[in-house]
Each structure stands twice: as structure tokens, then as C-alpha cells.
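The values are calculated or read from the model by the stated rules, or taken from the named source; none is laboratory data. This one's a predicted model, so the numbers in the text were calculated from it and none came from an experiment. Counting neighbours? That spans all protein chains shown, and the Cβs are built from the backbone with ideal geometry, glycine included. Surface areas here come from the heavy atoms of the whole protein model, side chains and all, with no ligands, DNA or RNA. Shrake-Rupley method; radii C 1.70, N 1.55, O 1.52, S 1.80 Å.
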Amino acid sequence: MTDFIGIWNASGWLANFLTILLGLFTVAGAVYSIYRRCKKGLEDKNDYSSVVNYVRSNHEYDSVEILKKRKIAIVDDQPENYPISYLRSIGFNISVYEEVSLANYNFIESYDLVFLDITNVVKEDPKRGGFELMKRVRSDMAGIVIIGVSSKRFDPTLTEFFRLADEQAKTPISEKDCEKLILRTLKKYYSPIHISGEIDDLINEGMLTQKHHKKTLKLVAKYINSSVDEERFYKGLSGLNKNLDIYKLNKKCRSLKAVL
């Protein structure tokens, strides 16, 4: 051992170089080990097995209480047809308008969900003003969910009116039926988990390879977190598989991004 130390000391600059090199290897090994642990931790957090799991791991996803924070407007000349007191008592954010004007309906843009009747709700056209209002909201305001309602049993105008609506209902409506309708509609259009599930279904329908499936999930994650813009997102999806409906997938991802 003494002989070895003597030889090492006699080596001069070579010994110093090897000492430094050994130290660098040690530091590099430690840094790499830390990097691997951090990468594994990040991969564990970012669950790319499905969009649903990714959203659950990285975002505050929906609950009934979160959904109830959405603003709801009832535009109907017969508010007694709705269990308004009951809905408010269980936490829904409800506003009521018995009449509006086509000259001033911009307030609707501040709501997430609107119950809209067709008759006697628009000052300028009592007979079918709700239909005209529906068309204008669809043209001028994006992202508002509309439940078309009517107490009438037959009216040819209702067919087109209901076609423009996202959902439809007949009034009067009971407490439980109205509660179920609102929750079902809010989940469909504003629930991150529900929309994520629809995205997963679209991806699965594309019959992608495992590699392309994971690539698609990562692209979705980057897009909803604004790490890539819509152009790069769309370009990244192009060419993965002809069975993948890129247009529908892109539209659903925009909806998901909007509610997160």
C-alpha cells in the first residue's frame, strides 16, 4: 500500500488529472441519478395512459359543487314553470328574465347555460321572438349552452327552434327532473372528465399503434396546457392514421382546454 501511494505521488500531473477525472465521473453519476429520479417522478405524475387519467393527475377536475358555480339564466315569461327556489336552495346560480329585447341581449354572453322559451320572451316579437334570439346568440356568441324549452305540445316552429338548441325540455318541469337535466347538461358540456372521456373514445377509434397513441396523448396534454399552439397541435396529429378524425379531435380538445 505504501509503495502504491509513493508511485501515485510520483506520478505528478497524471495523478492529479486522474483524480479530477474520477471526481467528474462521480459528480456526473450523481447528477444522472437525480435526473432519472426526477424524470420518473414526472412520468408518474403525467399519466399518459389516457386523457382522463392525465386530467385527473394534473388538473382540478369536476365535481357537482364545481359545476354548480356555472351561471344559469332562465329566459321565460312563466318562471313559475321552473323550481327556481329549489334550484337555488341546492346551490345553483340562477337568474330569471321574463322578457328581453333584441336591442339589448348582450347580457346572455355572461351565462354558461340558458333556458330559452320561444314565445312571449322577446319584446319585439312575442309570437316567435325566442327563435330569432336563439339564431342571434348562435351567430354572435360562442360557447353558450342553450336548452330550448316550450310548454306547447305542437308548433311547426318548434322543430327548427329545438334543432338549434343544444338540449330541449318541456315545461312545466319538476324539481328532480330539472335538477337532473341541469347536471346532465353541465357535465356534458363543462365537465373536464366527461370531455376527456370523449377524446379518449375518438383516439381509440383511430386504431393507432401504441407509439402513435402515446404521441397523440402527449400532444393533447401539451395543447391543453398551452405548451403548443393549435397550429402545431393540428400539424402533429396529421398523418398519424387515416382512421383518426383529426377535425373532431381538435374540436373536442378545444372544448377541454376551455373548461380547465
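Summary table below
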item	result
Candidate lysines for bridging to K214, where Cα separation is under 20 Å - those fewer than 8 sequence places away on the same chain excluded	K39, K40, K45, K222, K235, K242, K248, K251, K252, K257
Sparse-neighbourhood loop sites, trypsin sites (Lys or Arg not before Pro) in segment 111-178 - DSSP loop, at most 10 other Cβ within 10 angstrom	R153
Proximal lysines to K123, defined as alpha-carbon separation beneath 18 angstrom and excluding residues fewer than eight positions away on the same chain	K135
Per-q log10 I(q)/I(0), segment 220-260, q = 0.31 Å⁻¹ (Debye; single scatterer per alpha-carbon; no solvent)	-1.15
Antiparallel %, DSSP beta bridges [both residues in segment 69-195], to 5	5
S95 long-range amide H proximity, modeled H, under 5 Å	I72, A73, I74
Sequence of D76, D177, D112 from largest to smallest accessible area, 1.4 Å probe	D177, D112, D76
Alpha-carbon Rg with Dmax, taken over segment 107-168, Å	10.9, 32
Gain upon complete extension [K215, K152; 0.36 nm per residue less C-alpha separation]	17.6 nm
Reachable lysines, given that their alpha-carbon falls under 28 Å from the alpha-carbon of K176 and they are not under 8 places away in the same chain	K68, K69, K71, K152, K187, K188
Per residue value of the accessible surface for segment 123-260 (all protein chains in place, 1.4 Å probe), Å²	56
Extreme residue, positive dipole direction of segment 62-142, given options V121, N106, S85 (C-beta unit charges)	N106
